[in-house]
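**Student:** Provided herewith is a single structure, encoded as structure tokens, for subsequent inquiry.
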Amino acid sequence: MSGRRAGSPEAGLAFAILDGVVADEWEVYLVDEVLEWIDRLDEPTHARVVQAIDALAAGGPALGRPLVDTIAGSRIQNLKELRPGTVRILFAFDPWRSSILLVAGDKAGQWRSWYRQAIPLAEQRYEVYLKQRRAEEEGER
């Protein structure tokens with residue numbers, strides 16, 4: 001999986017934009033931690049996750065269960081999870097018609113505790129991401 005670099009580690013969050021997204025697909029951003037986590041997966045799991053991310057890029061907000069579900073109990077109104085197998089990737093659609101993958105993990109054997117840790121981390125990363133994207137938008141004007 002490859003992408004263009006975006007964001008700024010100095011500003012608090014670095015993220016990548018997936019290459020190869022066609023005009024009618026949604027842009028998919030990944031925070032570096034998610035990209036690194038995906039890169040460490042075994043081959044079958046990696047393939048399943050990449051296929052799910054490709055489906056997200058193609059389907060956008062119209063993609064639903066069983067691959068995507070909404071997360072309850074978050075400050076992010078549109079926080080969702082990508083669900084390839086036991087892997088969970090928390091993400092949100094941003095105001096720029098992009099999705100940002102915020103937290104990834106395999107919740108096998110820890111179904112409840114995983115969310116208690118992942119949701120606050122996703123909220124924190126999303127807040128930083130929005131600030132960075134707004135700053136980039138302002139800089140381009």
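**Student:** Taking the beta-carbon count within 10 Å as an exposure proxy, list T70, T45 from fewest neighbours to most.
**Tutor:** T70, T45
**Student:** So what is Rg over Rh here for region 30-141, counting just Cα atoms and using Kirkwood for Rh?
**Tutor:** 0.96
**Student:** Applying the Karplus parametrisation 6.51 cos²θ - 1.76 cosθ + 1.60 with θ = phi - 60° to the phi angles of region 74-87, what ³J(HN,Hα) value in whole Hz is obtained for each residue in order, glycine and proline being reported as x?
**Tutor:** 10, 6, 7, 4, 10, 5, 10, 10, 8, 10, x, x, 8, 6
**Student:** Compute the FRET efficiency between Q110 and A62 as 1/(1 + (r/R0)^6), taking r as their Cβ-Cβ distance and R0 = 25 Å, and round to the nearest 0.05.
**Tutor:** The formula returns an efficiency of 0.25 here.
**Student:** Just to check I understand the Karplus step: with θ = phi - 60° and J = 6.51 cos²θ - 1.76 cosθ + 1.60, what whole-Hz values come out for region 27-42, glycine and proline as x?
**Tutor:** These are the phi-based 3J(HN,Hα) values: 5, 10, 9, 10, 5, 3, 4, 5, 4, 5, 4, 4, 4, 8, 5, 5 Hz.
**Student:** Expressed as a rounded percentage, what relative contact order does region 29-141 have, with Cα pairs under 8 Å and six or more residues apart?
**Tutor:** Relative CO of region 29-141 lands at 22 percent.
**Student:** Can you tell me how much longer the chain between L41 and Q124 gets when fully stretched, taken as 0.36 nm per residue apart minus their C-alpha distance, in nm with one decimal?
**Tutor:** Computed gain between L41 and Q124 is 27.4 nm.
**Student:** Sticking with this one: Non-local amide H neighbours of V103 (under 5 Å, H modeled in plane, Pro and chain starts lacking H): which ones?
**Tutor:** Those qualifying (amide H under 5 Å, at least 5 residues apart or on another chain) are L90.
Since every read-out is calculated from the coordinates, none of them should be taken as a lab result. Remember, predicted model here, so these are calculated numbers, not experimental data. For neighbour counting, all protein chains shown are included, and Cβ atoms are generated from backbone atoms with ideal geometry for every residue, glycine included.
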